[in-house]
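The values are calculated or read from the model by the stated rules, or taken from the named source; none is laboratory data. Values in this document were obtained by computation on a predicted structure and should not be read as measured data. For neighbour counting, all protein chains shown are included, and Cβ atoms are generated from backbone atoms with ideal geometry for every residue, glycine included. SASA here: full protein model, heavy atoms, side chains in, ligands and nucleic acids out. Shrake-Rupley method; radii C 1.70, N 1.55, O 1.52, S 1.80 Å.
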Amino acid sequence: MANRNPELVKAYAAALTPFQGSTTGNGEILGFKALGDLNPPRAVFAVIATGKESAQHFTESAYETAKSIAAEGARVICSTSSGDRSGRTAIRVAGILSGLASATADSVGLPAKTLPQVHDDIVNAMALACVPLDKINLDGYIVNYVKNGHLLTREQILQDPEAGLEDYYQSQFDYLANRGFAVLELSDWYRKARNA
């Protein structure tokens, strides 16, 4: 499509960027219902992938949107004591968006985030949102990475030449899993969206 009308693909990408989460089931906005299959959002990404520049902006936005949705899901769960405590919707949408973004980036020769990168990004976004709200359940190895009630950022960890990121990310995964978040499902949704 971009070969014939690259400006149309750019406009299409720009118009749909704010709705990336909705196309993958994050709430319902007029015109976008929660979808049972991945073909409609996959088709959106495929059309945008016909333009490399549009694909780059759209996939970068999808990765950021995935982190934002996961963080907001964690924030809501960690600030209330009722409702679904697993974060499944946010995790599903984050996994799908990240998988679609990675597949799209690959299809046009752009750098694509691997599953471990996506996993670390999403888990980190959720932990960063949840830890400041958690006054009761803060235990385990994650306490080594909390200062003044806030989780240290990746950049802060990297300032210590002795520190490694593997334990940092693993402590966040363990913390979220122990709180009941369905973080293991992230990998399944990423693979399903990326590989189908």
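Can we say residue 132 is surrounded by 15 or more Cβ atoms within 10 Å (Cβ to Cβ), at negative phi and more than 19 Å from the chain's Cα centre (by Cα)?
Answer is yes for this residue.
Just one of the listed residues (120, 139) is surrounded by 14 or more Cβ atoms within 10 Å (Cβ to Cβ) and among the charged types (D, E, K, R), namely 120.
One residue stands out in the range 23-75 among those that are of a type in the set (Asp, Glu) and part of a helix (DSSP H, G or I): the one that is modelled with the lowest pLDDT, namely 53. If you check 121, 174 for being under 30 Å from residue 50 (Cβ atoms), acidic (Asp, Glu), in contact with a helix residue (DSSP H, G or I) (Cβ under 9 Å, 6 or more places away or on another chain) and part of a helix (DSSP H, G or I), only one passes: 121.
In the range 1-13, the residues that are open to solvent by 70 Å² or more (accessible area, probe 1.4 Å) and assigned to a helix (DSSP H, G or I) form Cβ pairs under 6 Å with partners that are modelled with pLDDT of 80 or more and of a type outside the set (Lys, Arg), at six or more places apart or across chains, as follows: 10/54. Within the range 170-188, is even one residue without any contact (Cβ under 8 Å) to a residue 12 or more places away in the chain, out of contact with any Ser or Thr (no Cβ under 7 Å at 6 or more places or on another chain) and either surrounded by 15 or more Cβ atoms within 10 Å (Cβ to Cβ) or closer than 23 Å to residue 97 by Cα (or both)? For the range 170-188, residues without any contact (Cβ under 8 Å) to a residue 12 or more places away in the chain, out of contact with any Ser or Thr (no Cβ under 7 Å at 6 or more places or on another chain) and either surrounded by 15 or more Cβ atoms within 10 Å (Cβ to Cβ) or closer than 23 Å to residue 97 by Cα (or both): present.
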